[in-house]
Amino acid sequence: MLGKTTEYAIRSLVYIYIRNLKGERPGFKEIARNIDSPEGFTGKVLQIITGAGLVSSMKGRGGGFFFDNPDKPLSLLDIINVTEGQEFFHKCGFGLKSCDTHNPCPMHDEYVAVRKSFYSLVNTLTIQSLAFKVSQNKAVLNRLEITDSSIG
């Protein structure tokens, strides 16, 4: 449902938040490595979310990515609006340019319910809540963690 830009943005923000809690500001290469994302693409995603003010960055020694106000909840909806656009929750699930109750696609009624449920979910979940799950070892940020944890 979500594009790669959005997926990497969310994973990047969760990673940045976790590192910030430890007093660290990760660079884009570290972020890419730890969220299992290509460096070049991660750099572009970080430019987008920094430009939108979701996270800040500093260059040079002691630089990296950080949250200006880490206590202010950042919902996944806020991120989706930046990366996918506000029209994301109004698109047709069947891919038609125009689909509504008067001219429904074959999936319209069912997809409206899914879209509303997903909207509610991403409006409730925050970067902070996802970071908490990862910090408590109740969730992972990349395939490497899944592979590592399944070995032991």
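The values are calculated or read from the model by the stated rules, or taken from the named source; none is laboratory data. As the structure is a computational prediction, the values presented were derived from the model and not from experiment. Because the Cβ atoms are built from the backbone with ideal geometry, glycine has one as well, and the counts that use them run over all protein chains shown. Note: areas computed on protein heavy atoms with side chains; ligands, DNA, RNA excluded. Shrake-Rupley method; radii C 1.70, N 1.55, O 1.52, S 1.80 Å.
Within the bounds of region 72-86, is there any residue that is at pLDDT below 95, part of a helix (DSSP H, G or I) and out of contact with any Pro (no Cβ under 6 Å at 6 or more places or on another chain)?
Yes, because at least one residue in region 72-86 is at pLDDT below 95, part of a helix (DSSP H, G or I) and out of contact with any Pro (no Cβ under 6 Å at 6 or more places or on another chain).
Go through Phe88, Phe66 for me and flag whichever is free of Cβ contacts under 8 Å to residues at least 60 places away in the same chain, among the aromatic types (Phe, Trp, Tyr) and in contact with a strand residue (DSSP E or B) (Cβ under 8 Å, 6 or more places away or on another chain). Before you say what the answer is, go through the steps one by one.
Details: Phe88 fails: in contact with a strand residue (DSSP E or B) (Cβ under 8 Å, 6 or more places away or on another chain).
Matching residue, one of Phe88, Phe66: Phe66.
Among the listed residues Leu13, Leu54, which satisfies the condition of being open to solvent by less than 20 Å² (accessible area, probe 1.4 Å), of a type in the set (A, V, I, L, M) and at pLDDT 95 or above? Show your work before the answer.
On the way: Leu54 fails: open to solvent by less than 20 Å² (accessible area, probe 1.4 Å).
Going through Leu13, Leu54 in turn, the sole match is Leu13.
Could you please let me know if Gly3 is among the small types (Gly, Ala, Ser), over 13 Å from Leu141 (Cβ atoms) and either in contact with a strand residue (DSSP E or B) (Cβ under 7 Å, 6 or more places away or on another chain) or open to solvent by 30 Å² or more (accessible area, probe 1.4 Å) (or both)? Before the answer, list the steps.
Values: among the small types (Gly, Ala, Ser): yes; over 13 Å from Leu141 (Cβ atoms): yes; either in contact with a strand residue (DSSP E or B) (Cβ under 7 Å, 6 or more places away or on another chain) or open to solvent by 30 Å² or more (accessible area, probe 1.4 Å) (or both): no.
It is false that Gly3 is among the small types (Gly, Ala, Ser), over 13 Å from Leu141 (Cβ atoms) and either in contact with a strand residue (DSSP E or B) (Cβ under 7 Å, 6 or more places away or on another chain) or open to solvent by 30 Å² or more (accessible area, probe 1.4 Å) (or both).
Name the residues in region 78-108 that are over 30 Å from Asn20 (Cα atoms), among the acidic types (Asp, Glu) and either open to solvent by 90 Å² or more (accessible area, probe 1.4 Å) or within 13 Å of the chain's Cα centre (by Cα) (or both), would you?
Of everything in region 78-108, just one residue is over 30 Å from Asn20 (Cα atoms), among the acidic types (Asp, Glu) and either open to solvent by 90 Å² or more (accessible area, probe 1.4 Å) or within 13 Å of the chain's Cα centre (by Cα) (or both), namely Glu87.
Hey, can you tell me all the residues within region 114-130 that are open to solvent by less than 70 Å² (accessible area, probe 1.4 Å) and in a helix (DSSP H, G or I)? Don't jump to the end; show me each part of the working.
Applying the first criterion (open to solvent by less than 70 Å² (accessible area, probe 1.4 Å)) to region 114-130 yields 115, 118, 120, 122, 125-130.
Hits for region 114-130 are Arg115, Phe118, Ser120, Val122, Ile127, Gln128, Ser129, Leu130.
Go through (1) open to solvent by 70 Å² or more (accessible area, probe 1.4 Å); (2) on the phi < 0 side of the Ramachandran plot; (3) at pLDDT below 95 and name the single condition Tyr111 misses.
With (1) open to solvent by 70 Å² or more (accessible area, probe 1.4 Å); (2) on the phi < 0 side of the Ramachandran plot; (3) at pLDDT below 95 applied to Tyr111, the lone miss is (1).
Whether any residue in region 140-152 is modelled with pLDDT of 95 or more, of a type outside the set (Val, Ile, Thr) and not in a helix (DSSP H, G or I) is what I want to check. Talk me through it step by step, then tell me what you get.
So the first thing to find is which residues in region 140-152 are modelled with pLDDT of 95 or more, and the list is none.
Among the residues of region 140-152, not one is modelled with pLDDT of 95 or more, of a type outside the set (Val, Ile, Thr) and not in a helix (DSSP H, G or I), which makes the answer no.
Cβ-Cβ below 6 Å, separation at least six or inter-chain, first residue in region 111-140 and of a type in the set (Val, Ile, Thr), second open to solvent by 40 Å² or more (accessible area, probe 1.4 Å): which pairs?
Hits for this filter: Thr126/Pro73; Val140/Ile146.
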